[in-house]
Structure formats: structure tokens, C-alpha cells
Amino acid sequence: MENENNNLKAGELELINSYTRRTLKEDEVYAFSVVLCDNETDRDFERFSDSALKKLEKLFVGVTGVLDHDPKSNNQTARIFSCSADKVSGKKTSDGRQYIRLSARAYMPRTESNKDFIMQLDSGIKKEVSVGCSVAKRICSICGCENGLCEHIRGKSYNGELCCKILDEPTDAYEWSFVAVPAQKAAGVIKSYKKGENGLDIEKRLFSGEAESFTADEMNIIAEKIRILQEKAADGEVYRRRLEAEINKLAAFALPQLKRDVLDFITDKMNAVQLENLKKALSEGRENSIPIKPQLAVAVKNIKTDNNAFKNI
Ligand SMILES: [Zn+2]
């Protein structure tokens with residue numbers, strides 16, 4: 001939030017009045033500047049491409065924003081009447097690129113009900129803004145692959161280079177709002193998505209079982225969700241393999257007669273919770289059993305063999 005002034009700049013009243021039902025006078029309007037987003041990598045390891053910011057410049061004009069999520073204040077709104085992606089001279093992004101930010105000018109009518117909010121803006125109380133928009137492309141910063149079709153995982157480093165998803169080719173900008181809690185300063189851009197025409201979100205529609213088509217944007221969202229689930233599944237697989245290895249070791253003590261392929265057949269059909277339970281049962285069984293270690297038995301056997309060999313000389 002730049003609290004430079006609430007006075008209109010030259011030509012701004014005309015711009016504002018192109019959005020209003022009746023022509024407003026200068027003293028009936030309150031205008032302010034707001035930084036919507038920038039080309040810095042956010043906490044989700046995503047960032048807008050410079051060209052995406054340039055496109056958003058046009059897409060955000062005319063979009064209304066929610067100023068206050070407090071239900072008591074009737075959700076005050078303001079409308080963006082101009083927007084520009086500007087290079088900030090001398091400022092670099094954390095990875096050394098030219099810093100570019102998307103700044104907007106927004107207006108709201110001066111009314112009794114938004115008096116307090118205007119006062120907050122005037123007093124320079126800093127509030128972060130989040131935006132909602134959809135993009136056609138999410139590009140891997142490591143290999144340039146689009147929409148999650150490569151093996152690179154955002155947030156991980158590859159040869160010292162941090163992998164992130166570059167949000168490119170925005171198709172729609174549909175909301176902006178002040179983040180209610182100032183502590184969420186780093187919240188950055190919220191990549192929320194529009195609900196479908198029937199009011200259900202994409203996931204519910206996907207699982208509703210009813211034949212329905214999805215837009216290209218929605219398909220991208222679904223692809224990204226699958227990608228995130230694949231990452232989580234890979235972590236789960238590592239955990240499962242570790243559990244199975246521990247069970248194999250414990251079973252070798254507790255059930256030495258049990259063939260390995262039989263054990264594999266059983267564990268294959270178990271979920272992680274059941275595997276955990278089996279591991280616990282085997283390790284407790286081991287604690288209660290006679291403390292002879294197979295390694296020790298093998299060692300004794302080896303010594304015997306050695307002795308025999310020695311005697312035979
Ligand atoms: Zn990649």
C-alpha cells in the first residue's frame with residue numbers, strides 16, 4: 001500500500017467515471033494505489049513471468065476488490081481503474097532478476113460506511129494484497145517443461161538452482177483483496193480459482209461422477225493437483241519401503257520359518273497403518289523371545305568350521 005495521496009491525478013476522474021452509473025465529482029471519490037503482485041518467487045515456489053505481469057496489467061483493469069473481510073463491515077469494495085507493471089529501478093529479486101511489480105490505482109465512492117476504511121488507508125496502515133487469477137502455463141524454471149510434465153520438484157535445488165514454477169500466460173484476473181491478517185505478510189499471491197457455473201469447485205465436480213467438461217484452465221489446475229499428489233505419493237512410497245524393510249528384518253528373527261515370498265505377499269496387501277501394527281507386534285515379540293541373535297549363531301558356526309579346518313591340518 002502506497003499512501004501517497006487520495007487526490008486524483010490528471011485524467012483519473014474521467015477514467016473512474018467510465019465505470020460509474022452517474023458522474024461522480026472529485027470530492028465524492030477516494031482513490032488509492034496498491035501493489036497487486038510482483039515477479040518475486042513466493043512461499044509456494046511460484047512466480048509470475050515478466051510477460052505475465054504485463055498481461056495482468058490489462059486483465060486487472062475494471063476488477064473489483066474486497067477491502068475488508070470483516071463481515072460486520074459489509075465487505076467494502078473498490079474497483080481498479082488503471083494498472084501498470086513497472087520496473088523498480090535499482091531493485092532486484094532474491095535471485096538477481098530485475099524487480100517488477102504490478103501496481104494499480106483503485107477507487108471507491110466516499111460514503112459514511114467506508115469512512116473508517118478510508119481513514120485506515122490514509123493513516124498508512126500497511127495491508128498486504130492477494131490476487132486471484134488463472135494462468136494457462138506453469139513452466140519449470142529448471143528445464144522449461146510446461147504444466148508439471150517433468151521430474152523437477154518445486155522448492156528443491158538442482159545443481160544449486162532452486163526449482164520453481166513460472167506462472168505464464170494469464171487468462172483471467174478475477175479478484176484482489178486485502179489479506180485480513182497482517183502476519184500473513186508473505187502470503188503473496190493466492191492462486192485461488194473460480195468456482196464452476198454450478199457453484200461446485202473443480203474437485204467436487206471431478207468426483208461427482210457426472211459427465212462434464214472442463215475448461216483448459218481447469219485442466220491445468222487438475223494437472224497441477226495430480227502433480228502435487230504424485231510428489232506426496234512418492235514420499236509415502238519411501239516410507240512404505242522403509243517399513244517393509246524393517247518388517248523383513250524383524251520377521252527373520254520372530255518367524256525364521258516364514259518364507260520371504262509369503263511375507264511379501266502379505267505385506268503387499270497391507271496399508272501403512274497395518275504395516276505399522278505388524279512392525280510393532282514383531283518388535284514386541286522379539287523383546288519377549290529368547291535373546292539369541294542369528295548373527296551370533298552364524299558366527300559360532302563359522303568358528304566351528306574354522307576349528308575343524310584347523311584340526312584337519
Ligand atoms: Zn523441469
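Every number here is computed from the coordinates shown, using simple stated rules; none is lab data. Small disclaimer: the values here were computed from a predicted structure and weren't measured. Positions of Cβ are generated from backbone atoms using ideal geometry, with glycine treated the same way; all protein chains shown enter the neighbour counts.
Estimated at 0.36 nm per residue, the fully extended path between K25 and K54 surpasses their Cα-Cα distance by 7.3 nm.
On a 29 Å Cα-Cα criterion, which of the cross-link pairs K9/K55; K55/K91; K55/K165; K165/K269; K58/K137 come out too long? The pairs that break the limit, which is 29 Å between Cα atoms, are K165/K269. Each peptide in 26-32, 50-56 was scored by the mean count of other Cβ atoms within 10 Å over its residues; highest first, the order is 50-56, 26-32. Projected label points at S213 and K232, each 7 Å from Cα along the beta carbon direction, are separated by 3.1 nanometres.
The local environment of V29, defined by Cβ-Cβ distances under 13 Å, has a net charge of +1 under the rule Lys, Arg +1 and Asp, Glu -1. Sorted largest first, the principal axis extents computed over the alpha-carbon atoms of segment 12-192 equal 57, 32, 32 Å.
One decimal place: the segment D44-E151 gains 36.8 nm when fully extended, by the rule 0.36 nm per residue minus the C-alpha distance. Treating r as the C-beta distance of N248 and D95 and R0 as 30 Å, the FRET efficiency rounds to 0.10.
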